[in-house]
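The values are calculated or read from the model by the stated rules, or taken from the named source; none is laboratory data. It should be emphasised that the depicted structure is a prediction, and the values quoted were computed from it without experimental measurement. Positions of Cβ are generated from backbone atoms using ideal geometry, with glycine treated the same way; all protein chains shown enter the neighbour counts.
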Amino acid sequence: MKNLFILLIAGAFLWVPVSVEAQLVKNRVGVDQNKLFLTLDACVDGYDSELLELLEKQRIPAVIFVSGNWLKSNPQLAKQLSENPLFTLGNHGYHHRPLTVDAPVVYGIRGTGSPEEARQEVVKNQQLITRLTGAEPEFFRAGTGYYDDTGVAIVYQQDLIPVNFTVTPDFGGTASETVIVEQLLTARPGDIILLHMHLPATPIASGLRRALPELRQRQFEFGRLLDYLDKLTN
């Protein structure tokens, strides 16, 4: 059965058919194996070279969600990352804003205030990523990871999959190394992990480095999210 979302965009009504299942943001992967899935958020202009080097050395794949703010500061790095087979670029919104129609404030960031503004948040960054890298993302994550129902429908209308997370070890870059390790070790099979990539002055890389031996002792491996599109669930 299909639901119909009715969006008022650019002064016209737009009917967006979305399945009941597809209305939900994907938070995990339905797998039986000990697989984890790493995602990185690049929200503003910095980047953590230590974290990227660790992932390359350990051959850990990741989806890197890049905002328009970050892309405009790091176009060459974006291109390099898109060409690295370990990494997949995802769309993190042009202005890194919650994807909404009534402009709530989430973690101090005001959301988009109309369906058209939300659509532009998705579309403009999709176009920017494609233009800079030649790669067209398949995944979207709103700034702060917050959507309302209309925001989710707009993501699907653009043929993107909204992906959030189940484990957030760095608490937006505020967590200590010990807390990051503890949180990483709570991961269960199929979890999507979020770490922040734009915060080089934090212990995110060192926390991941410390947690990896124990995760591997538990026989966890990191999977490539693109290989599990049919397993994404809520």
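Observations on the model:
- For region 195-208, a residue qualifies if it is of a type outside the set (S, T, N, Q) and in contact with a helix residue (DSSP H, G or I) (Cβ under 8 Å, 6 or more places away or on another chain), and the qualifying residues are 195, 196, 197, 198, 199, 200, 203, 204, 205, 207, 208.
- The residues of region 206-220 that are farther than 16 Å from residue 33 by Cα, surrounded by fewer than 20 Cβ atoms within 10 Å (Cβ to Cβ) and not small (Gly, Ala, Ser), listed by number, are 209, 210, 212, 213, 214.
- For residue 128, the test of being at negative phi, part of a helix (DSSP H, G or I) and at pLDDT 95 or above is passed.
- Residue check for residue 89: without any contact (Cβ under 8 Å) to a residue 40 or more places away in the chain and either at negative phi or part of a helix (DSSP H, G or I) (or both): no
- The number of residues in region 182-210 that are closer than 20 Å to residue 28 by Cα and part of a helix (DSSP H, G or I) comes to 4.
- Scanning region 163-174 for residues that are in contact (Cβ under 8 Å) with a residue 60 or more places away in the chain, closer than 13 Å to residue 144 by Cβ and not aromatic (Phe, Trp, Tyr) yields 164, 172.
- Members of region 175-205 found to be of a type in the set (S, T, N, Q), surrounded by fewer than 17 Cβ atoms within 10 Å (Cβ to Cβ) and either in contact (Cβ under 8 Å) with a residue 60 or more places away in the chain or under 27 Å from residue 32 (Cα atoms) (or both), listed by number: 186
- Considering residues of region 149-172 that are within 16 Å of residue 66 (Cα to Cα) and part of a helix (DSSP H, G or I) only, the residue modelled with the highest pLDDT: 155
- Some residue of region 102-111 being under 14 Å from the mean Cα position of the chain (by Cα), in a loop (DSSP other than H, G, I, E, B) and not β-branched (Val, Ile, Thr): no
- Cross-chain or 6+ apart pairs with Cβ under 6 Å, region 139-153 first and at positive phi, then buried (at least 22 other Cβ atoms within 10 Å of the Cβ) and not acidic (Asp, Glu): 144/98
- Annotation: of all residues in region 151-174 being in contact with a helix residue (DSSP H, G or I) (Cβ under 9 Å, 6 or more places away or on another chain) and among the β-branched types (Val, Ile, Thr), the one that is surrounded by the most Cβ atoms within 10 Å (Cβ to Cβ) is 154.
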